[in-house]
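Peer 1: I have a structure I would like to understand better, so I am pasting it below and will then ask my questions one at a time.
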Amino acid sequence: PRQHDTRTREDGQEMLEVQSSLNITCTQLAEIGHNVGVRMLELSSLREKAGFKREIKIVGILSYIKDTIWKVMFGKVADSLERVTDKEDEYMIHEKDPLVNTYISVPKEYGHLNCAAFVAGIVQGILDSADFPARVTAHTVPVGADTRTTILVKFTPQVMEREKRIA
């Protein structure tokens, strides 16, 4: 019995180390993505032929990310954009097969690693640069037999107050 208890504790410790490593990896991916996002907004604003229009509304900036930025980065627009029904400060950008997850083999011990954390970092960098501070995270969501990646955007209270004043 004692040997079993020791092994169980070791397994538990090993799982905690993997989870900690997984969190660190996702954080690093998001930080790198943030740097890309800041530069991506600058680049896309310089490339706009008709002149860049600074977005002042949440739906405007998110639509710009979903359509224009996504097309530049991934060759197509994101699958969808929607607001979380019961939370007015949360929005979701859905992507069935993110390009960043397509050609990456995740080791078994990192089974829950979603490399779209990099994309979430890009979105956060763009939003920060556009003065829409938010917390942005990537999640794998089951949809029937398939999965899709959801980039969840939760705006700060200051952004929500500004949105109400503008409306």
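The values are calculated or read from the model by the stated rules, or taken from the named source; none is laboratory data. For clarity, every value in this text was computed on a predicted model and none was experimentally measured. Here the Cβ positions follow ideal geometry from the backbone for every residue, glycine too, while neighbour counts run over all protein chains shown. SASA here: full protein model, heavy atoms, side chains in, ligands and nucleic acids out. Shrake-Rupley method; radii C 1.70, N 1.55, O 1.52, S 1.80 Å.
Peer 1: Let me confirm something: among 53, 49, which residue is surrounded by fewer than 14 Cβ atoms within 10 Å (Cβ to Cβ), modelled with pLDDT under 70 and assigned to a loop (DSSP other than H, G, I, E, B)?
Peer 2: 49
Peer 1: Against the conditions (1) open to solvent by 60 Å² or more (accessible area, probe 1.4 Å); (2) touching a residue at least 40 places away in the same chain (Cβ under 8 Å); (3) over 13 Å from the mean Cα position of the chain (by Cα), where does residue 159 fall short? Just the number, please.
Peer 2: (1) is the only condition that residue 159 fails.
Peer 1: Which numbered condition in (1) in contact with a strand residue (DSSP E or B) (Cβ under 6 Å, 6 or more places away or on another chain); (2) within 17 Å of residue 40 (Cα to Cα); (3) not aromatic (Phe, Trp, Tyr) is the only one that residue 150 fails?
Peer 2: Just one mismatch for residue 150, condition (2).
Peer 1: Next up: Give segment 98-117 a look and list any residue that's closer than 17 Å to residue 32 by Cα and of a type in the set (Asp, Glu), or say none.
Peer 2: Within segment 98-117, none qualify.
Conditions tested, residue by residue: (1) more than 24 Å from residue 106 (Cα to Cα); (2) under 16 Å from the mean Cα position of the chain (by Cα); (3) not in a loop (DSSP other than H, G, I, E, B).
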{"position": "23", "(1), (2), (3)": "no, yes, yes"}
{"position": "31", "(1), (2), (3)": "no, yes, yes"}
{"position": "34", "(1), (2), (3)": "no, yes, yes"}
{"position": "39", "(1), (2), (3)": "yes, no, yes"}
{"position": "59", "(1), (2), (3)": "yes, no, yes"}
{"position": "86", "(1), (2), (3)": "yes, no, no"}
